[in-house]
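Undergrad: If you scroll down you'll find the structure; I have some questions about it.
The values are calculated or read from the model by the stated rules, or taken from the named source; none is laboratory data. These numbers were taken from a predicted model, which means no experiment stands behind them. Note: ideal-geometry Cβ built from the backbone for every residue, glycine included; neighbour counts use all protein chains shown.
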Amino acid sequence: MDTRSLILLGLLMAQSQHGYQINEFIERNLSTITDMKKPTAYATLDKLSKQGYIEVHTEQEGNRPPRKVYSINEKGKQYFYELLIQNLSTAESVKFTGDIGLMFIDHLPLEKVIPALENKLAENSKLISLFKKTPVHGSGHGVDFAVAHKIAMLEAETEFIQKTVMTLTDQLKELDNNI
């Protein structure tokens, strides 16, 4: 799945933009769903242009250096719709980097594992609170659905970690009682 192209074409569906606008929007508004950096965005825009999905023209404002402005064309819109349908209809194999720590949890004493997981619970709580403060987008449902999905995933992880902490706390109590 070409998610980078999907993001960039989606942004261009709203309006033509220059690269700086696109990158600033990604950094400011999409950092929770993508880690796309400027060089990758520009390389992907260049690829989309070469494939004939977007048009590029140069504009100059005052004394500023010339800048490229990107616009989606009809072929790009059709490709965007294909990518969007593919993205919406494909199941994901979600990879949580925190699962790596869970795999090796047995190498730490429970006295260190439990506070680490409790710290993760506190961090998740902060993230959930932050996402819940996200204002309703207003035009369309897409952004609101993405935020709601993020909250649901964090709440599910929080519930899992709470159960894990309870299980490990019970194990620690059993160990203490056997000493």
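Undergrad: Considering only segment 134-142, I want to know if a residue exists there that is within 25 Å of residue 34 (Cβ to Cβ) and assigned to a helix (DSSP H, G or I).
TA: For segment 134-142, residues within 25 Å of residue 34 (Cβ to Cβ) and assigned to a helix (DSSP H, G or I): present.
Undergrad: How many residues, within segment 44-74, are of a type outside the set (Phe, Trp, Tyr) and either touching an Asp or Glu at 6+ places or on another chain (Cβ under 9 Å) or surrounded by 13 or more Cβ atoms within 10 Å (Cβ to Cβ) (or both)?
TA: 16
Undergrad: Based on this model, can you work out whether residue 32 counts as outside any helix (DSSP H, G or I) and under 30 Å from residue 117 (Cα atoms)?
TA: It is true that residue 32 is outside any helix (DSSP H, G or I) and under 30 Å from residue 117 (Cα atoms).
Undergrad: So for segment 32-39 (the condition being surrounded by 13 or more Cβ atoms within 10 Å (Cβ to Cβ), over 20 Å from residue 147 (Cβ atoms) and at pLDDT 90 or above), does at least one residue qualify?
TA: Yes, segment 32-39 contains at least one residue that is surrounded by 13 or more Cβ atoms within 10 Å (Cβ to Cβ), over 20 Å from residue 147 (Cβ atoms) and at pLDDT 90 or above.
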